[in-house]
Amino acid sequence: MVRIAINNDLKHYSLIVRNTKAYKTTKNIAIITGALFLINSICLVAETARTHKIQPFLVLLVSAFFLLFVLYMIRLLVKMDPMKLHKKVTEENPGLTGEYVFNDEGVTIDTKTDNGSKHAEYAYDKFISAAEKEGFFLMNISIAGYVACNAEDFIEGTPDELRALLRTKLGGKFKEK
């Protein structure tokens, strides 16, 4: 059995946000639109220098890719900012803490706030994915969402025990990085 206690801190929350599918997708789209903006800008400059005429179609492409790039960067840097999201969660759930107990059957999650507490149990077949990266274990459990913990969070058991348990119970769903 492995028992972990987690406080709602920015380090944990930032890791969770940066590993969500929405964050990764938004980041990749921002990179692609930024690259397309640069490529089309270079083509516009080169074509204008060659013909001494502005190409309306290239101007339109450059403008469209720039607009998309700006929109996705705003979403990435403003709306998906881990500090802002963490502040919102903290305001909505003052005093948020969690205790996670991993055993052979699954995980038991007990969360507490200043306003109450919740209890849930999930079998390992409810895990969408799990990974070990940046010194953290990051697990995505259907319905419950993401859980992040590091070596400092262990109350009972060790990171090696959790790693072995996740390897055994999740197989290919557990990635070690």
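The values are calculated or read from the model by the stated rules, or taken from the named source; none is laboratory data. Remember, it's a predicted structure, so these values are computed and weren't measured experimentally. Cβ placement follows ideal geometry from the backbone for every residue including glycine, while neighbour counts extend to all protein chains displayed. We work out accessible area using only protein heavy atoms, side chains counted, and drop any ligands, DNA or RNA first. Shrake-Rupley method; radii C 1.70, N 1.55, O 1.52, S 1.80 Å.
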Study note, to complete from the structure: Out of Pro94, Pro82, Pro56, a Gaussian network model of the chain with alpha-carbon springs under 10 Å gives the largest mean-square fluctuation to Pro56
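With an 8 Å cut-off on Cα pairs and a minimum separation of 6 or more residues, tell me the relative contact order of the chain in percent.
Computed over the chain, the figure is 27 percent.
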Point to revise | Per-residue SASA entry for Tyr122, accessible area with 1.4 Å probe, Å² rounded to 10 | key: 40
Revision key, fill the gap. In deg cm²/dmol, rounded to the nearest 500, the helical mean residue ellipticity at 222 nm of the chain, built from -39500 (n - 2.57) for every DSSP H run of length 4 or more, is -15500 deg cm²/dmol
Exercise for review: Please get the size of the charge dipole for segment 75-177, origin at its Cα centre, with Cβ charges of +1 on Lys and Arg and -1 on Asp and Glu, quoted in debye to the nearest 20.
Suggested key: 680
Check your understanding: What do the square roots of 5 times the Cα gyration tensor eigenvalues come to for the chain, in whole Å, largest first, as semi-axes of the equivalent ellipsoid?
Key -> 45, 19, 12
Practice item. Express in nm, to one decimal, how much length is gained between Thr90 and Asp114 on full extension, taking 0.36 nm for each residue of separation and deducting their alpha carbon distance. Key: 7.6 nm
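Compute the signed sum of charges (Lys and Arg +1, Asp and Glu -1) over the other residues within less than 11 Å, Cβ to Cβ, of Lys112. Provide the component values of the computation, followed by the final result.
On the way: positive: Lys118; negative: Glu99, Asp110, Asp114.
Taking every Cβ under 11 Å from that of Lys112, the sum is -2.
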Practice item. State the answer as a single residue: which of Leu10, Val59, Thr97 lies farthest towards the positive end of the charge dipole of the chain, with beta carbon charges of +1 for Lys and Arg and -1 for Asp and Glu, about the Cα centre. Key: Val59
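Could you sort Ser117, Ser142 by their accessible area in this structure, using a 1.4 Å probe and putting the largest first?
In descending accessible area the options line up as Ser117, Ser142.
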Check your understanding: To the nearest 10 square angstrom, what accessible area does Ile31 show with a 1.4 Å probe?
Key -> 100
**Study point:** Accessible area expressed per residue, the chain, with surrounding protein chains retained (probe 1.4 Å, Å²)
**Key:** 60
Practice item. Could you check what % of the DSSP bridge pairs in the chain are antiparallel, to the nearest 5? Key: 90
Check your understanding: What is the Cα coordinate range of segment 57-109 on the first, second and third principal axes, sorted by size from largest, in whole angstrom?
Key -> 60, 30, 11
Practice item. Please compute the net charge surrounding Ile74, taking Lys and Arg as +1 and Asp and Glu as -1 over other residues with Cβ under 14 Å from its Cβ. Key: +3
Point to revise | Solvent-accessible area, 1.4 Å probe, carbon plus sulfur percent, for the chain | key: 61
Practice item. Consider just the alpha-carbon atoms of segment 3-76 and return their Rg together with their Dmax, both in angstrom. Key: 19.1, 70
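Rounding to the nearest 20 debye, state how big the charge dipole of the chain is about its Cα centre with +1 on each Lys and Arg Cβ and -1 on each Asp and Glu Cβ.
In total the dipole reaches around 1080 debye.
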Exercise for review: Report the calculated FRET efficiency for Glu47 and Lys133 (r = Cβ-Cβ distance, R0 = 35 Å), to the nearest 0.05.
Suggested key: 0.20
Exercise for review: Given the options Leu67, Leu162, Leu76, state which has the largest fluctuation in a GNM of the chain using a 10 Å cut-off (strictly under) for Cα springs.
Suggested key: Leu67
